[in-house]
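Everything below concerns the one structure shown next.
The values are calculated or read from the model by the stated rules, or taken from the named source; none is laboratory data. Values in this document were obtained by computation on a predicted structure and should not be read as measured data. So basically every Cβ, Gly included, is an ideal-geometry build from the backbone, and we count neighbours across all protein chains shown. Just so you know, the surface numbers come from the protein's heavy atoms only, side chains and all, with ligands and any DNA or RNA stripped out. Shrake-Rupley method; radii C 1.70, N 1.55, O 1.52, S 1.80 Å.
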Amino acid sequence: MRKIISLVFLALMVVKNVSAREFGINVNFETQSTPLEITERKSMEFPDLIADNATKNGAKCEVYGVVNSGTNETSLCPGQIGRMGEFKISGAPNGAVTVTHTADQTISGLRFSTNSSAQPVLKPLTLDLKGEAIFFAGGVITLVDKSAAQTNAYQFFYDVSVAYQ
């Protein structure tokens, strides 16, 4: 027991000769804010929509860069292809952004939405070394009330927004 106490006492004497100090440094930090911009390069375009006596409520025409399938019973534009909207996103080089595309509007029996479920489209993108990226926006027009739809030119609206992640 006496040896243990002597060793503890000896260890405390060695610790007594330890020295520590705290040192500081100065760091300059600056935040820079690069605004995000959205530029429409090509507008979204639907082909001409047609409904005849066979066309049923729920028939649709989609613009996603592919040919619309179906018959005149289920499609408002069978065999046709529309053009997706093309947008240039500009901001900080290598910046991570999220693009949000929303649409849900009904006019006289026709409904325009981002997709069949009318859910917003969220797309993460990384801007290139120039601070640019391209986003393509599509949509769908659905016949929701055939009795209310009339031969007419319709104008629908949609939103495209972008935010840094």
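Considering the stretch 18-47, the residues that are under 22 Å from Val140 (Cα atoms) and more than 21 Å from the chain's Cα centre (by Cα) include one that is least open to solvent (accessible area, probe 1.4 Å), namely Pro47. Pull up the stretch 35-67, narrow it to residues that are touching a residue at least 24 places away in the same chain (Cβ under 8 Å) and of a type in the set (Asp, Glu), then point me to the one that is farthest from Gly109 (Cα to Cα). Top of the filtered list is Glu37. Hey, can you tell me all the residues within the stretch 68-83 that are among the small types (Gly, Ala, Ser) and either open to solvent by 90 Å² or more (accessible area, probe 1.4 Å) or free of Cβ contacts under 8 Å to residues at least 12 places away in the same chain (or both)? Once the filter is applied, which keeps residues that are among the small types (Gly, Ala, Ser) and either open to solvent by 90 Å² or more (accessible area, probe 1.4 Å) or free of Cβ contacts under 8 Å to residues at least 12 places away in the same chain (or both), the stretch 68-83 yields Ser69, Gly70. Name the pairs: first residue in the stretch 129-157 and over 22 Å from Val67 (Cα atoms), second residue open to solvent by 30 Å² or more (accessible area, probe 1.4 Å) and modelled with pLDDT under 95, Cβ to Cβ under 8 Å, at least 6 apart or on different chains? Final answer for the pair search is Gly131/Thr34. Based on what the data block shows, is Phe87 under 15 Å from Asp159 (Cβ atoms), in contact with an Asp or Glu (Cβ under 7 Å, 6 or more places away or on another chain), at pLDDT 95 or above and part of a strand (DSSP E or B)? Yes, satisfied.
Among the residues of the stretch 37-54, is there at least one that is in a loop (DSSP other than H, G, I, E, B), modelled with pLDDT of 90 or more and within 30 Å of Lys130 (Cα to Cα)? The answer is yes; a qualifying residue exists. When Glu62 is tested against the conditions (1) surrounded by fewer than 17 Cβ atoms within 10 Å (Cβ to Cβ); (2) at pLDDT 95 or above; (3) of a type outside the set (Lys, Arg), the lone failure is (1). One residue alone among Ala133, Ala92 is part of a loop (DSSP other than H, G, I, E, B), out of contact with any Lys or Arg (no Cβ under 6 Å at 6 or more places or on another chain) and of a type in the set (A, V, I, L, M, F, W, C), and that residue is Ala92. Scanning the stretch 96-128 for residues that are hydroxyl-bearing (Ser, Thr, Tyr) and free of Cβ contacts under 8 Å to residues at least 12 places away in the same chain returns a single hit, Ser117. Restricted to the stretch 103-120, and to residues there that are assigned to a strand (DSSP E or B) and surrounded by fewer than 17 Cβ atoms within 10 Å (Cβ to Cβ), the residue that is farthest from the chain's Cα centre (by Cα) is Ile107.
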